[in-house]
Every structure is written in structure tokens, then in C-alpha cells.
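The next block holds one structure in the form of C-alpha cells; read it before the comments.
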Amino acid sequence: MIDEVDEALRRLLAESGLAAAGVEVAFDAPTRDWAARRSTPTVCVFLYDIREDHTRRGSGAGEVYDEAGFVVARRGPPRWFELTYLVSAWAGRPEDEHRLLSRVLVCLTARDELPTHLLGGTLAELGLLVPLDTGAGGPDAPSASDVWSALGGELKPSIALRVRAPLASLTRLTAPPVTEGLVIRSDPADDTASRRLRYTELPPPAPEEGFAAPRDRPLPPARRRRGDRRP
């Protein structure tokens, strides 16, 4: 799920005009060594915090159908996680970095969720919205200054981006639908040594008669009415 969110963010920023301007989108940690190796204008989208949103945890299970409409699997409800990114711009001059960061800010604040056509993998299969919250990190996420200090770099202007994404639960396959009557196999290794449960004294039933052929049943004894005397 995390890599799918990364790819959606990359495509979102690329479609905003960054790719046409020759700006690279990277997900590396913006350390001193990374900054020293950078040679082109870059927007760094660094994931630094992952937390589960317990308020959105659901219960129950959903059903997965095949093309014929039969239930082939059951899947539990998705679990939601908050992914917090530190978005920063890297260029030759501070003015260029501010201009680049402004374009990123316009792109991210133009929508409240990731566009559905950018979602892939399990995010596309679930068909759920993936909300974006620009300019606000998680409630318990580290502050931007703490992140920059942990990275060993100087404090730079950055945007806190929080993405709430669903994590698909495990899918458990179900038994195939029943399409024939009960069959007894006397030899598991021999598929021909099998027979259906039938009444041995009656002929095989017609297809429209169901699983077993009809048979005569004796009528129950008549009940005595109140007041009748025994003979």
C-alpha cells in the first residue's frame, strides 16, 4: 500500500508540470550526503511517520465474486493508516526553491484526495477514497524541526503532507459452489470407484425428480375420536 501511495504522489506531481520542467521527484531521506549528490532541481517527498487510524477500524467481512456471480473469497475490512510526508524543494538558489515549493503547494491543495485514475494495485481494487491533508502532519507525528535534526541537516522550508490510505486485509478463499449431489468414493485414488446415494431397490430417478426417486410411504393409523368405544 505504501509504494502505491508513493507512485500516486509521484504521478500527481509529475502531471502538475514538474516533469515537463525537468524537476525530479525523489523519496529519499534528505540527508547531507544526499543533498551533496543532487545535481538537478528536485522535490523530495520523504515519508517519516506511519500510524494506524484506530477510529476507522471496522468489522465484518466482504465477499468477492467471480464473473459468474459466485462467492469465491471473503475479505476482512481494510485498516486505515496515516502516512506523513515531509515535502521539500531543492534547487540552486533559495528563490528557486521557494518558487518550486509554491508550485507543489498549489498542486497539493487543489484536491482533498488522490485522483482515482492515479491509484493502482490494492488501492484501485478497494475503490475507496484516499484523503490528503496538506500542511498538517499527524496528531502525534514528530515536528518538522525534529525530523530535520534527526536527518542531520539544516532546517529548510517544507510542507507536511498526511495521506490516509486503506490497507487491504487478507483474502480467504471459500469452497466452490455445490453443483452435484452427494457422492461416496470407496477408493480415493480411483475416481471411477464412486457412486451416488440411491435406493438400491428402485431405479435411478429422472433429472427433474431431484436427488432421490420417490417411494411409497404408509399412511399413519387413524386416530380415535373422543367418545368412540373400543370394539
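Any read-out appearing in this document is the output of simple, stated calculations on the displayed coordinates, not a laboratory observation. The structure displayed is predicted, hence computed values, not measured ones. Neighbour counts run over all protein chains shown; Cβ positions are idealised from the backbone, glycine included.
Per-structure values
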read-out	value
Cβ-Cβ FRET estimate between Ala110 and Glu67, R0 fixed at 35 Å, reported to 0.05	0.35
Residues Cys107, Cys44 arranged by fewest to most Cβ contacts within 10 Å	Cys107, Cys44
Amide N of segment 106-132 lying under 14 Å from the label point, which is placed 7 angstrom from the Cα of Asp3 along Cα→Cβ	120-123
Extension gain from Arg56 to Arg38, taking 0.36 nm per residue of separation minus the Cα-Cα distance	2.5 nm
Which of Tyr65, Tyr48, Tyr85 has the fewest Cβ neighbours within 10 Å, and the rest in rising order	Tyr65, Tyr48, Tyr85
Approximate spin-label separation Ala19-Leu167, in nm, with each point projected 7 Å along Cα-to-Cβ	3.0
Order of Trp148, Trp90 under a 10 Å beta carbon neighbour criterion, fewest first	Trp148, Trp90
Percentage, to the nearest whole number, of Cα pairs in segment 2-173 over 24 Å apart	42
